[in-house]
Amino acid sequence: MKLKLIPALLAAMVILLASCGKTNPAESPTAGDDAAINNLLQYSGYTDTTSFINDNTSTPYASPGFLDGAKADTFPVHVRWARKINQVSRTVTISYDSSNTVALAQVTIDFYGNIFVDNTDDGLINPNVDTLHDRGRRLVRLRKVNDRWRIWGVTPLEIATVNPPYNVVIDRVVVTGCGNGPIEIVPSEMSSARLRENLPIFNPGDTAVVTVYCRTDGADSAWAFLHRWIYRLPRHHLRWPLYRQSVTVFSRSWTIASDSIPPLMLPAVRHSSVDVLAWNTLFGDSAASYSARIWCLPYVVTRDTLPQ
């Protein structure tokens with residue numbers, strides 16, 4: 001009996017020795033940096049990923065302030081619409097230079113939900129409903145200073161409909177009223193991060209003016225809207241139609257003071273979004289398809305140095 005146990009014992013010892021000899025896969029040398037950067041991207045004001053395109057309701061509504069609703073350059077008051085985002089997925093990829101002190105992060109965000117449009121002007125809220133899948137992309141430039149990662153530059157967050165029947169195109173956005181303006185933003189900037197000091201910089205009380213040059217690559221036209229947040233508690237979402245200057249040019253202004261930023265909270269990073277929807281999306285019938293493009297633009301409100 002003892003002799004019969006020897007082969008089994010030897011086999012067990014071989015298995016034990018083999019398992020002891022295995023090592024766990026080596027942790028990525030950038031794992032700590034990856035975690036630090038992801039945390040920074042999640043909470044920094046420069047990369048706020050609050051869904052600026054989410055009206056968070058399935059009840060379409062008209063934008064406020066339609067005292068001039070009869071003017072030709074104003075979006076028709078009877079056309080009501082809303083986006084409701086039901087699911088968001090976010091991925092981040094990071095690359096480093098050879099010294100591991102400079103990094104470039106690409107943030108990709110997928111938005112899934114519905115768009116509700118009521119344009120019949122019949123007194124009833126019985127909207128057409130279409131599903132939506134929009135994808136956003138932003139590049140973030142970072143540097144490690146005193147062993148701490150800091151954001152050095154960002155691109156706008158560009159969001160566009162995935163596989164639309166035709167594309168909405170934003171050719172450029174011009175921002176005026178800022179101390180370092182006018183600032184022109186063009187599509188090529190989506191692949192090269194704008195440094196913080198080159199973002200639009202305002203003082204409280206300045207009047208910001210945004211002009212959007214947009215179109216579609218099909219036979220359709222488009223209309224542009226502006227999304228903003230009033231940073232009081234609770235935060236309040238505003239969506240305004242821009243005034244139409246021509247078929248492809250839209251503009252609107254707002255006063256920076258209305259953000260109500262307490263002096264002790266200056267400087268601050270804020271965001272606005274220009275949201276361009278295809279004409280057929282807004283004015284078509286139940287067979288109309290959804291197509292949109294949005295640029296989420298960070299800007300700085302400051303009387304002092306740039307926020308970290």
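The values are calculated or read from the model by the stated rules, or taken from the named source; none is laboratory data. Quick caveat, the model's predicted, so the values are computed rather than measured. As a convention, Cβ positions derive from the backbone with ideal geometry for all residues, glycine included, and neighbour counts pool all protein chains shown.
Summary table below
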item: One residue from 134, 206, 171, 130 being more than 22 Å from the chain's Cα centre (by Cα) and not hydroxyl-bearing (Ser, Thr, Tyr); result: 206
item: Out of 304, 285, 275, sole residue that is in a loop (DSSP other than H, G, I, E, B) and either modelled with pLDDT of 85 or more or of a type in the set (Ser, Thr, Tyr) (or both); result: 285
item: Those residues of the stretch 270-288 which are among the β-branched types (Val, Ile, Thr) and either farther than 9 Å from residue 223 by Cβ or more than 16 Å from the chain's Cα centre (by Cα) (or both), in sequence order; result: 274, 281
item: Answer residue from the stretch 108-124, given it is of a type in the set (D, E, K, R) and in a strand (DSSP E or B) and is surrounded by the fewest Cβ atoms within 10 Å (Cβ to Cβ) among those; result: 110
item: Condition broken by residue 229, with the remaining ones in (1) modelled with pLDDT under 80; (2) touching a helix residue (DSSP H, G or I) at 6+ places or on another chain (Cβ under 6 Å); (3) not in a loop (DSSP other than H, G, I, E, B) satisfied; result: (2)
item: Filtered residues of the stretch 188-208 (kept if free of Cβ contacts under 8 Å to residues at least 60 places away in the same chain and acidic (Asp, Glu)); result: 189, 206
item: Selection within the stretch 60-99 - modelled with pLDDT of 80 or more and in contact with a Pro (Cβ under 8 Å, 6 or more places away or on another chain); result: 60, 74, 75, 80, 81, 82
item: Residue ranges of strands (runs of 3 or more DSSP E) in the stretch 125-187 with at least 2 members touching a residue at least 60 places away in the same chain (Cβ under 8 Å) and within 20 Å of residue 92 (Cβ to Cβ); result: 128-145, 148-154, 157-161
item: So residue 246, is it assigned to a strand (DSSP E or B) and modelled with pLDDT of 90 or more; result: no
item: Single residue of the stretch 151-167 satisfying the filter (hydrophobic (A, V, I, L, M, F, W, C) and under 22 Å from residue 209 (Cβ atoms)) that is farthest from the chain's Cα centre (by Cα); result: 154
item: Residue match in the stretch 97-104 (condition: in a loop (DSSP other than H, G, I, E, B) and surrounded by 19 or more Cβ atoms within 10 Å (Cβ to Cβ)); result: no
